[in-house]
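Below you'll find the structure, written out as structure tokens, and then a few comments.
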Amino acid sequence: MRTHTCGQLRAEQISQTVKLCGWVDSARDHGGAVFLDLRDRYGKTQVVASPEGGDSLVQAASRLRSEDVIRVVGRVEQRPPGTVNTKLPTGEIEVRIQELEVLNKSKTAPFTPGQADLPNEDLRLKYRYLDLRRPQMQKTLLLRSRMLEIIRAYFAERQFVDVETPFLGRSTPEGARDYLVASRVFPGRFYALPQSPQLYKQILMVAGYDRYVQIARCFRDEDLRADRQPEFTQLDLEMSFVDAEDVIGMIDGLIARLAKAVLDIDLALPLPRMTYDEAMARFGHDAPDLRFGMELVDCTDLARVCEFRVFRQATDTGGYVRGINAQGAASQFSRKRLDELTEYVKQDFGARGLAWFRVESEGKLWSPIAKNFPDSWLAELAERMQASPGDLLLFVADRWDVTCKALAGLRKRLGSELKCYDPAQLHCSWVVEFPMFERDQEDERWVAMHHPFTAPRPQDLPLLETEPARARAQAYDLVINGSEAGGGTIRIHDHHLQQRVFDLLGIPPELAEERFGFLLDALQYGAPPHGGIALGIDRCVMLFSGRDSIRECIAFPKTQRAMDLMTEAPGEVDGRQLDELGLRVLPMI
RNA sequence: GGGGCCGUAGCUCAAUUGGUUAGAGUACUGGACUGUCGAUCCAGUGGUUGCGGGUUCGAGUCCCGUCGGCCUCGCCA
């Protein structure tokens with residue numbers, strides 16, 4: 001039907017007769033001549049209907065509207081002097097229409113790809129096919145496609161085996177909420193869609209496929225966020241006879257290749273590392289944004305010797321007083337905005353409050369609470385915070401975890417609002433040596449921080465039963481611009497150690513046997529040492545393309561309530577389907 | 001489950017302290033125009049202000065509820 005695409009024609013094709021197909025992007029009707037911008041995913045080309053082609057041609061062209069699909073046959077011509085469009089790669093030429101065929105007339109669209117203002121997101125999602133016509137969306141999906149191409153090539157070159165694992169598996173006791181699929185053959189029994197192919201890839205290691213890779217779809221029935229969708233794509237891989245360094249090195253190479261190919265950025269390897277403890281101390285977060293400073297400063301020792309009731313109450317009960325210095329920000333934060341920040345740390349992180357000081361000329365600290373402190377103490381605080389005139393100091397006095405969350409939240413918010421970094425910059429690093437376990441506040445038990453198959457550091461083995469809180473895992477997270485882009489661990493390959501960890505997590509042997517019996521069995525049949533990692537592909541595309549929502553990087557994403565506005569999934573089903581599955585829907589109260 | 005923002009013409013938005021007939025741009029329809037490229041010019045159509053209730057002489061505006069979208073805490077091994 002066509003000889004060229006709409007982004008292809010240049011001066012070299014002048015005087016050739018060509019056939020183009022595409023969507024009418026815009027039409028400019030001058031009565032005598034009609035100019036049309038014809039669009040496809042490759043670009044735009046101006047095609048012209050003029051009286052030389054006949055009155056009926058001009059009439060037909062004047063009836064065309066945005067998003068009509070047409071085919072034209074015509075001659076490529078040099079544009080007259082002064083009418084070259086330098087904004088278009090094809091702007092030097094135009095196609096003089098000889099034949100015009102309307103392949104499909106479009107209804108007037110609720111919005112068009114060319115319009116200046118982006119419509120609301122719900123409308124974009126309902127008419128996703130229109131939204132996906134926008135060059136911006138096409139650019140992002142093409143970038144995603146290219147990244148996947150590079151990833152597949154990278155691992156193919158390194159003898160990785162691509163193995164597909166089941167979608168229909170069984171529910172796991174820990175982790176995220178599962179999406180369930182009812183079994184027809186076994187009424188009352190359910191498959192679970194995979195949260196990740198974790199167990200299968202470990203089994204593949206036991207089976208001797210010592211380098212496994214898969215671009216795997218994963219499902220988690222949890223609440224959504226700007227960077228979280230209920231179904232998402234992971235680059236999942238696993239390797240045998242490796243340690244953490246081997247896996248990290250493998251991913252270093254991949255990230256560097258992607259950065260070079262996609263953004264033309266040369267990343268220095270190896271990517272920087274930081275331990276979990278250091279990340280929490282310096283940034284209050286296990287995925288710190290290292291594009292800017294504003295590090296957390298511990299002032300607990302100073303607080304302990306002051307008389308200010310709020311600080312003393314925190315330190316006397318084993319809490320901490322930590323702060324950040326928003327350099328030069330004092331004048332930008334009115335009383336009202338500081339109240340907003342206070343409300344933010346209270347509401348979002350459960351902090352009891354926010355103490356703040358403005359650094360005045362001569363370096364004196366001013367604050368409504370300053371009268372609670374002697375000048376010498378304030379001077380010491382200013383020095384600790386490396387305060388300069390014009391700075392804004394913010395402090396949270398609370399439990400360790402609250403100071404972490406609140407200050408990390410403030411740091412992220414202020415870093416963005418104060419433009420502390422170049423949004424186009426790409427900063428990749430690793431956070432390593434995560435704790436093996438964390439305390440479940442409600443149930444008063446230990447839960448695996450990563451997952452229950454994570455191997456502790458060999459030197460921490462004795463701590464498992466004595467001081468589980470201090471045991472560190474052979475775990476590593478890839479952090480890009482303050483986002484967790486992926487994470488992995490070296491796995492337990494010893495059956496006895498796996499049992500010990502299950503015991504510690506309070507998973508009874510019978511339950512472990514029921515849920516993971518096949519893995520525990522497999523570990524006894526010659527399981528090699530192994531480990532791996534999974535990267536969130538959607539998130540990586542988001543970070544590499546500089547978008548701020550994962551939905552912009554997924555062709556057909558779901559809303560915050562996990563609905564697909566185009567297909568209106570989830571939908572109701574026929575009573576007969578429920579009968580076959582032995583299911584009955586209860587009325588919701 | 002909690003907190004916040006938003007919902008006005010097909011679309012993007014405006015509408016003074018609660019005050020006359022809810023406006024603009026764009027799209028759409030009709031007309032003019034042979035060099036535009038966000039074409040231009042003229043005219044026109046288009047509204048249950050998401051929905052329901054309340055307060056008021058009077059509600060797009062205030063209050064309550066509800067539906068939908070977004071951000072976020074919890075949650076996400």
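The values are calculated or read from the model by the stated rules, or taken from the named source; none is laboratory data. Given the structure is predicted, the values throughout are model-derived calculations rather than measurements. Backbone-built Cβ (ideal geometry, glycine too); neighbour counts: all protein chains shown.
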Next item on the list: Specify which of the listed residues (A:E552, A:E572) is modelled with pLDDT under 95 and either within 16 Å of RNA strand B (Cβ to nearest atom) or in contact with a helix residue (DSSP H, G or I) (Cβ under 9 Å, 6 or more places away or on another chain) (or both).
Entry: A:E572
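It is to be established whether one or more residues within the stretch A:44-58 are assigned to a helix (DSSP H, G or I) and of a type in the set (A, V, I, L, M).
First pass over the stretch A:44-58, keeping only residues assigned to a helix (DSSP H, G or I): A:51-53, A:55-58.
Those still in the list that are of a type in the set (A, V, I, L, M) too: A:57-58.
Scanning the stretch A:44-58 turns up at least one residue that is assigned to a helix (DSSP H, G or I) and of a type in the set (A, V, I, L, M).
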Note to self: Can you tell me which residue is surrounded by the most Cβ atoms within 10 Å (Cβ to Cβ) among those in the stretch A:25-50 that are closer than 19 Å to A:M137 by Cβ and near RNA strand B (Cβ under 10 Å from one of its atoms)?
What the structure shows: A:K44
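Could you check the stretch A:6-15 and list, in sequence order, the residues that are surrounded by fewer than 16 Cβ atoms within 10 Å (Cβ to Cβ) and over 25 Å from A:Q59 (Cα atoms)?
Within the stretch A:6-15, A:R10, A:A11, A:E12, A:I14 meet the criteria.
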Note to self: Here is a check on your reading of the model: is A:G253 more than 27 Å from A:G415 (Cβ to Cβ) and free of Cβ contacts under 8 Å to residues at least 60 places away in the same chain?
What the structure shows: no
Note to self: Which count do you get for residues in the stretch A:163-179 that are surrounded by 14 or more Cβ atoms within 10 Å (Cβ to Cβ) and at negative phi?
What the structure shows: 11
Margin query: Condition first: farther than 14 Å from A:Q16 by Cα and either more than 9 Å from RNA strand B (Cβ to nearest atom) or touching a Ser or Thr at 6+ places or on another chain (Cβ under 7 Å) (or both). Now tell me which residues in the stretch A:87-101 satisfy that.
Written below: A:P89, A:T90, A:E92, A:E99, A:L100, A:E101
Next item on the list: Taking A:I537 as the residue in question, decide whether it is buried (at least 21 other Cβ atoms within 10 Å of the Cβ) and β-branched (V, I, T).
Entry: yes
Notebook entry, point to check: When the residues of the stretch A:60-95 are filtered to those that are part of a strand (DSSP E or B) and of a type in the set (V, I, T), which remaining residue is surrounded by the most Cβ atoms within 10 Å (Cβ to Cβ)?
Noted result: A:V95
Check: Taking the stretch A:102-118 as the search range and keeping residues that are in contact with a helix residue (DSSP H, G or I) (Cβ under 9 Å, 6 or more places away or on another chain) and more than 9 Å from RNA strand B (Cβ to nearest atom), which one is modelled with the lowest pLDDT?
Finding: A:P113
Check: For the stretch A:252-273, how many residues are buried (at least 19 other Cβ atoms within 10 Å of the Cβ) and touching a strand residue (DSSP E or B) at 6+ places or on another chain (Cβ under 6 Å)?
Finding: 2
Margin query: Return the residues of the stretch A:133-167 that are within 16 Å of RNA strand B (Cβ to nearest atom), of a type in the set (A, V, I, L, M, F, W, C) and in a loop (DSSP other than H, G, I, E, B); say none if nothing qualifies.
Written below: A:F167
Next item on the list: Give, as residue ranges, the strands (runs of 3 or more DSSP E) completely inside the stretch A:346-442 that count at least 1 residues that are more than 29 Å from the chain's Cα centre (by Cα).
Entry: A:355-359, A:392-398
Checklist line | Given (1) within 17 Å of A:C299 (Cα to Cα); (2) in contact (Cβ under 8 Å) with a residue 40 or more places away in the chain, index of the condition A:F333 fails | finding: (1)
